[in-house]
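Report on the following structure.
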Amino acid sequence: MVVGVSEGFKKELELRGVGYRAQMQGKKLVLNVGYSHPVEFEEEDGITYETPSATSIIVSGINKEEVGDCAARIRATRAPEPYKGKGIRYVGEFVRRKEGKTGK
């Protein structure tokens, strides 16, 4: 049985950070991730976006490569930063944290 056709592939992303939100407007995924403007992603052929909550995104489709590519493009708009951990990450992804400056 072919997995892509029968079940499909999906990648789950989560948004961490104050005011970071995701929502669907028709066929567009709109992200508010701390920029002066909202970032929009159009649904491509064979790829669908879902937002079960304001801080989670599910990218699904039948082609594993395209699903991973779309998820990576979404993550790249605001990759997790190592000091506070804010940004867009895959569910279950470990982000190594750094210690800040000690100060005087």
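Quick one: would you say VAL18 is surrounded by 14 or more Cβ atoms within 10 Å (Cβ to Cβ) and farther than 23 Å from ILE62 by Cβ?
No: the conditions fail for VAL18.
Checking VAL30 against (1) surrounded by fewer than 15 Cβ atoms within 10 Å (Cβ to Cβ); (2) farther than 28 Å from VAL3 by Cα; (3) of a type in the set (Val, Ile, Thr), which single condition isn't satisfied?
So VAL30 meets the others, but not (1).
Can you go through ILE74, ILE57 and tell me which one is at pLDDT 95 or above, within 16 Å of LEU15 (Cβ to Cβ) and in contact with a Ser or Thr (Cβ under 8 Å, 6 or more places away or on another chain)?
On the way: ILE74 fails: in contact with a Ser or Thr (Cβ under 8 Å, 6 or more places away or on another chain).
After applying the criteria, what remains is ILE57.
In the range 57-86, which residues are under 15 Å from the mean Cα position of the chain (by Cα) and basic (Lys, Arg)?
Residues satisfying the conditions are ARG73, ARG75, ARG78, LYS86.
Among the residues of the range 47-66, is any closer than 24 Å to SER6 by Cα, acidic (Asp, Glu), without any contact (Cβ under 8 Å) to a residue 60 or more places away in the chain and touching a Gly at 6+ places or on another chain (Cβ under 8 Å)?
Checked the range 47-66: at least one residue is closer than 24 Å to SER6 by Cα, acidic (Asp, Glu), without any contact (Cβ under 8 Å) to a residue 60 or more places away in the chain and touching a Gly at 6+ places or on another chain (Cβ under 8 Å).
Of the numbered conditions (1) within 19 Å of GLY92 (Cβ to Cβ); (2) exposed (fewer than 15 other Cβ atoms within 10 Å of the Cβ), ASP45 satisfies every one except a single condition; which is it?
Here ASP45 clears every test but (1).
Tally time: how many residues in the range 54-78 are hydrophobic (A, V, I, L, M, F, W, C) and loosely packed, with under 13 Cβ neighbours inside 10 Å?
Of the residues in the range 54-78, 2 are hydrophobic (A, V, I, L, M, F, W, C) and loosely packed, with under 13 Cβ neighbours inside 10 Å.
The values are calculated or read from the model by the stated rules, or taken from the named source; none is laboratory data. Everything numeric in this text was worked out from a predicted model, so none of it was measured. Please note: Cβ atoms are built from the backbone with ideal geometry, for glycine as well, and neighbour counts cover all protein chains shown.
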